1. How high is the FRET efficiency between residue 179 and residue 221 when r is their beta carbon distance and R₀ equals 30 Å, given to the nearest 0.05?
2. Could you list, in their original order, any pairs among 147/172; 180/223; 74/223 whose Cα atoms are separated by more than 21 Å?
3. Using the Karplus curve 6.51 cos²θ - 1.76 cosθ + 1.60 with θ = phi - 60°, work out ³J(HN,Hα) for each residue of segment 156-167 in order, rounded to whole Hz, and write x for Gly and Pro.
Amino acid sequence: MEIYEYHLKTIDPIFFAKESVTGALTPPYIHATAINHAVSWSLGILNTNQYYITPFESQDRNEPFYENSWITKKFYFTPARPKHDISYLSEIAKGDGDKYIQLGYGAVKIHGKSIAHYEVLKAYSLFFIPPETEFIGILYVFENDTKKKFPKLIRLGSFRGIVELHISKELKIVGNENNKFCVHPVDPLVHAPIRGQLIQMLPYPIVDLPFLNEVFAVRKAGKLVYVAHFPEIEEKEEIVIKNDLNFI
């Protein structure tokens, strides 16, 4: 296993749906489900037990069809935190009839007659992560030749914004440690944080500044830091599909 630090840099504005009182606010983190699914699909990897796209027979678009963010036995990306504070980009969007961002406030009545279950021509303030925003996370590579195949561009968010992916130099593992705080967020369904800062976002919360029982001590810029110890690799049912695009 090899461990790297990875960087994401937004080229397009990025939006992830999360409703708030003032509009749809995008959380300032990238979920591990998003990055792992995006990279897997760009490589043509499809895990039949970890659906990325909701099957058509389901009418609930918010119902997840994957157990966690660990999609493939070839690699794993942790959630990513922003490198700097984010100044959101606000846009006005019409959400009439859009199941992703539509809010219901009861039926609309015209001349005393109910005509719809939602208000018509309703507009929302959507808060995007702006271009040139950078995020940092940790990458685990379990098959050595996989790193050479990673795409330079991927698509993220509800509107499939383009994001640049950069892999830094390998982090040298110094040893194993116990009960340490890690320098990266984790998916609580993959790792098991004892405590940390809960970040509310879809499809489920992640944990930043996690305190873990088992960690790797690694060298980063001459300093000793800690990253999550990865669980034993399980066999995962995968098929490879043809994908002629260099990003999805």
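We did not get these values from a lab; they are worked out from the coordinates using the rules stated. Just so it is clear, the structure is predicted and the values come from calculations on it, not from any experiment. With ideal geometry, Cβ positions are generated from the backbone for all residues, glycine too; neighbour counts draw on all protein chains shown.
1. 0.80
2. Distance filter (> 21 Å) returns 74/223.
3. 9, x, 4, 9, 6, x, 7, 10, 8, 10, 10, 9
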